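Working notes, structure below.
The values are calculated or read from the model by the stated rules, or taken from the named source; none is laboratory data. Model, not experiment: these values are computed from the prediction. All Cβ positions, even for glycine, are placed from backbone atoms using ideal geometry, and neighbour counts span all protein chains on display. Just the protein is used for accessible areas: all its heavy atoms, side chains included, with ligands, DNA and RNA removed. Shrake-Rupley method; radii C 1.70, N 1.55, O 1.52, S 1.80 Å.
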Amino acid sequence: MDVSSSVAVLTAMITPAVLISASGTMILSTSTRLGRVVDRTRSLSDRLQSLPEDDPKDDLLEDKRAMIFDQLDKLTSRSRLLQRALTTFYLAVGVFVATSVAIGVVSFFSARFAFIPWCLD
């Protein structure tokens with residue numbers, strides 16, 4: 001393998017590496033958001049449990065409960081969306097790693113397997 005083909009292979013392997021880094025950043029921020037949603041859910045759950053069963057002095061007790069249930073419902077939907085996003089980001093990282101490895105394998109063995117990186121894309 002000559003120098004120009006080595007440079008071409010390294011250049012081809014850098015692109016998925018940059019995309020891996022970008023996906024990693026998205027995973028980190030999405031994980032942080034999911035952690036915040038879980039913390040908020042726990043805090044609302046604690047607040048719901050601390051509400052008295054029946055308080056004749058508090059006319060707004062049912063409204064408070066309804067508000068907390070509504071927020072918990074929204075947080076549940078948000079957490080499911082964030083979990084799906086995390087799954088997608090992890091799959092993307094896996095595909096980018098597989099593509100980078102396939103480029104290296106193809107350049108190492110021969111051009112007979114040149115179709116592999118494009119099948120993984």
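Answer yes or no as to whether residue 62 is in a helix (DSSP H, G or I), at pLDDT below 95 and open to solvent by 60 Å² or more (accessible area, probe 1.4 Å).
So residue 62 fits the description; yes.
For the structure I just gave you, tell me whether residue 53 is outside any helix (DSSP H, G or I) and loosely packed, with under 13 Cβ neighbours inside 10 Å.
For residue 53, the condition - outside any helix (DSSP H, G or I) and loosely packed, with under 13 Cβ neighbours inside 10 Å - is met.
List every residue pair whose Cβ atoms sit under 7 Å apart, with the two residues 6 or more apart in sequence or on different chains, where the first one lies in segment 7-23 and is more than 18 Å from residue 94 (Cβ to Cβ) and the second, anywhere, is open to solvent by less than 70 Å² (accessible area, probe 1.4 Å) and among the aliphatic types (A, V, I, L, M).
Close Cβ pairs (under 7 Å, with a partner that is open to solvent by less than 70 Å² (accessible area, probe 1.4 Å) and among the aliphatic types (A, V, I, L, M)) amount to 9/103; 12/103.
Which residue pairs have Cβ atoms under 7 Å apart, sit 6 or more places apart or on different chains, and have a first residue in segment 91-111 that is under 14 Å from residue 11 (Cα atoms) and a second that is surrounded by fewer than 20 Cβ atoms within 10 Å (Cβ to Cβ) and among the acidic types (Asp, Glu)?
99/121
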